[in-house]
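J.: Take this structure first; my questions come after.
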Amino acid sequence: PPSHEGGRGQEQGAGGAMAAAVPPSHPQQQQHTAPSSPPQHHQQQQHPAEYCASLSSVRAAARRIAPHVRRTPVLRSPRLDALTPTEARLYFKAEALQVSGSFKYRGACNAVFSLSARDAARGVTTHSSGNHAAALAAATA
């Protein structure tokens, strides 16, 4: 099984590739030029919809993580509903009741359980000391 390795690095995604938090074509990932170079404003950028998850991939992820995650309740508060200008119905997903205390556990489980056996044997790492790190540690336990 995968292991949690602390320290520096990035989260290892499916297929063993090291993945950044943003897609490679995201503006934050574009190379920076020296200050004397003119800004590159006219580069073609990928539309956000081009890297959205499909319904089938969401369903596959739900099946993959189902044996490992807690089914958490959806809560309501009529008192808070009454405080909204339109008396909207508010819903609260109680992910604080999840294994690691946050919704991050779902994504960490999906990432870990999507790895091939070969890549999982290499381990995973994250550059986080918060909810994501706790979720990744729990997913690899």
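The values are calculated or read from the model by the stated rules, or taken from the named source; none is laboratory data. Just so we're clear, the structure is a prediction, and the values are computed from it rather than from any experiment. Heads up, the Cβs are rebuilt from the backbone with ideal geometry, glycines too, and the neighbour counts pull from every protein chain shown. Just so you know, the surface numbers come from the protein's heavy atoms only, side chains and all, with ligands and any DNA or RNA stripped out. Shrake-Rupley method; radii C 1.70, N 1.55, O 1.52, S 1.80 Å.
J.: Could you please let me know if residue 138 is farther than 19 Å from residue 71 by Cα and either touching a Leu at 6+ places or on another chain (Cβ under 7 Å) or open to solvent by 10 Å² or more (accessible area, probe 1.4 Å) (or both)?
T.: No: the conditions fail for residue 138.
J.: Of the residues 46, 10, which single one is within 13 Å of residue 136 (Cβ to Cβ) and either modelled with pLDDT of 95 or more or open to solvent by 50 Å² or more (accessible area, probe 1.4 Å) (or both)?
T.: Values: 46 fails: within 13 Å of residue 136 (Cβ to Cβ).
On inspection, the qualifying residue turns out to be 10.
Residue by residue, here is whether (1) under 12 Å from the mean Cα position of the chain (by Cα); (2) of a type in the set (Ser, Thr, Tyr); (3) assigned to a helix (DSSP H, G or I) holds:
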site: 86; (1), (2), (3): no, yes, no
site: 105; (1), (2), (3): yes, yes, yes
site: 115; (1), (2), (3): no, no, no
site: 121; (1), (2), (3): no, no, yes
site: 127; (1), (2), (3): no, no, no
site: 133; (1), (2), (3): yes, no, yes
site: 136; (1), (2), (3): yes, no, yes
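J.: Any residue at all in the stretch 88-110 that's closer than 18 Å to residue 126 by Cβ and in contact with an Asp or Glu (Cβ under 7 Å, 6 or more places away or on another chain)?
T.: There is at least one residue in the stretch 88-110 that is closer than 18 Å to residue 126 by Cβ and in contact with an Asp or Glu (Cβ under 7 Å, 6 or more places away or on another chain).
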